[in-house]
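Here the structure comes first, spelled out in structure tokens, and everything after it is commentary.
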Amino acid sequence: MKNLKIWLIAAALIAVVGCSGQWSGGGGGGQGRNKQHATEDETRQAFEKLMAAFANRDAETINGMMTSGAIFVDPPVGPGVFTWSDAKPVLENAFANSGPYQLSNEPSYRIGVNRDLGWIATVFHVRTQGASEINKSDGAISVLFQKTDGGYKVLSFHASRFLPPPAVTAVPGDKAASKKK
């Protein structure tokens, strides 16, 4: 009889409080069960919109895609770890003071989704015109998005540049190096 009373009290509490419809975390932090999940196609579209904004130096679009606490790791504007509030003025300054560049990325994205989160990773290419040649800067980029009522928002942005390949120098007596000439 005592166990029955406990079960009835628990059922009454659940009925009174109700289910918030959240996946986890309480406090409204998760995505509701009735909301749509992130999709790979939407994640790809959000990433392409973000990359186009970087290519066009469109700080307003980038700002609209950021959460207030978005984290930038080694962003294109300088090495380090930044929150969006710290990265925004640095990015705007870099856009205002840099010469022309071309930005593209590999179309073979790595994409994943889980509930309201979508992530994408790929390789990016930056090309600038030097005095006599085109300067190349390639690297890896990954972005974590959260699907919200206001669209996809960036939670984390990571970019890192690949080191240039080492110069090949011939070593005296190295037959393999002398054959390459």
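The values are calculated or read from the model by the stated rules, or taken from the named source; none is laboratory data. Bear in mind that the values here come from a model prediction, so they are computed numbers and not experimental data. We place every Cβ from the backbone using ideal geometry, glycine too, and count neighbours over all the protein chains shown. Surface areas here come from the heavy atoms of the whole protein model, side chains and all, with no ligands, DNA or RNA. Shrake-Rupley method; radii C 1.70, N 1.55, O 1.52, S 1.80 Å.
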Of the residues in segment 88-120 that are modelled with pLDDT of 90 or more and open to solvent by less than 40 Å² (accessible area, probe 1.4 Å), the one that is farthest from ASN135 (Cα to Cα) is ASP116
Given the conditions (1) farther than 30 Å from ALA131 by Cβ; (2) part of a loop (DSSP other than H, G, I, E, B); (3) at pLDDT below 80, every one holds for HIS37 apart from (3)
Filtering segment 49-59 for residues that are modelled with pLDDT under 95, of a type outside the set (A, V, I, L, M) and either in contact with a Leu (Cβ under 8 Å, 6 or more places away or on another chain) or part of a helix (DSSP H, G or I) (or both) leaves a count of 1
Going through segment 105-149 in order, the residues found to be touching a helix residue (DSSP H, G or I) at 6+ places or on another chain (Cβ under 9 Å) and assigned to a loop (DSSP other than H, G, I, E, B) are TYR109
Scanning segment 46-76 for residues that are open to solvent by 20 Å² or more (accessible area, probe 1.4 Å), within 15 Å of the chain's Cα centre (by Cα), at negative phi and of a type outside the set (S, T, N, Q) gives GLU48, LYS49, ALA52, GLY64, GLY69, ILE71, VAL73, PRO76
Of the residues in segment 88-104 that are hydrophobic (A, V, I, L, M, F, W, C) and assigned to a helix (DSSP H, G or I), the one that is farthest from TYR152 (Cα to Cα) is ALA96
Restricting attention to segment 110-136, the residues that are under 21 Å from ILE71 (Cα atoms) and touching a strand residue (DSSP E or B) at 6+ places or on another chain (Cβ under 9 Å) number exactly 14
